[in-house]
Amino acid sequence: MPGGLMKNKSYEIFVSLDDDVLKIVISGSLVKKEAFDIAQAVYEIFDRYTPNKVLIDCTRFVGRLGVSDTYTHVREIKPGRHRPSRVAVFDNLENKNYFSFYETTSLNVGFNARFFGDLAKAQRWLSEKPETLP
């Protein structure tokens, strides 16, 4: 059963299971050199629990990589073995200008990820039947 907390000086990652959705909450603040470690930790969680649906809540995480840093970052990191069928990322609306870019970048590394500024919409997307997905 998922559960637990991974702590670092600048961030925390909490993992739980809500029905059939693995929930990952990332909080703290971005230290650019730790972006790789955070992503690697998420991939390790995917491999450990092999979820089909994931909700990542990063509304309590301050700071984001810019477009060029994100592009470089996804080229350097190696995703784990397991790819969830759907990953919904719940983020603050102040970051909505990046949502489309992040979705495209996620697809480029093999993830069906959608970004949402509304938790209810993220949960609804995760609960939809696969044939209704865009």
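The values are calculated or read from the model by the stated rules, or taken from the named source; none is laboratory data. All figures in this text were calculated on a predicted structure; none of them were measured in a lab. FYI the Cβ positions are ideal-geometry reconstructions off the backbone, even for glycines, and counts take in every protein chain you see.
The table below lists the values:
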read-out	value
Leading residue by the ranking (surrounded by the fewest Cβ atoms within 10 Å (Cβ to Cβ)) among those in segment 114-126 that are out of contact with any Phe, Trp or Tyr (no Cβ under 7 Å at 6 or more places or on another chain) and either in contact (Cβ under 8 Å) with a residue 60 or more places away in the chain or assigned to a strand (DSSP E or B) (or both)	GLN123
Residues of segment 1-33 satisfying the condition of being over 19 Å from THR70 (Cα atoms), at pLDDT below 85 and aliphatic (A, V, I, L, M)	MET1, LEU5, MET6
1 or more residues in contact with a Phe, Trp or Tyr (Cβ under 8 Å, 6 or more places away or on another chain) and in contact (Cβ under 8 Å) with a residue 60 or more places away in the chain: qualifying strands (runs of 3 or more DSSP E) within segment 1-112	21-29, 53-62
Segment 66-111, residues that are touching a Leu at 6+ places or on another chain (Cβ under 7 Å) and either among the hydroxyl-bearing types (Ser, Thr, Tyr) or within 21 Å of SER27 (Cα to Cα) (or both)	HIS73, ALA88, PHE90
Residue that is nearest to LEU65 (Cα to Cα), among those in segment 80-96 that are at pLDDT 90 or above and among the small types (Gly, Ala, Ser)	ALA88
Residue match in segment 50-66 (condition: charged (D, E, K, R) and at pLDDT below 85)	yes
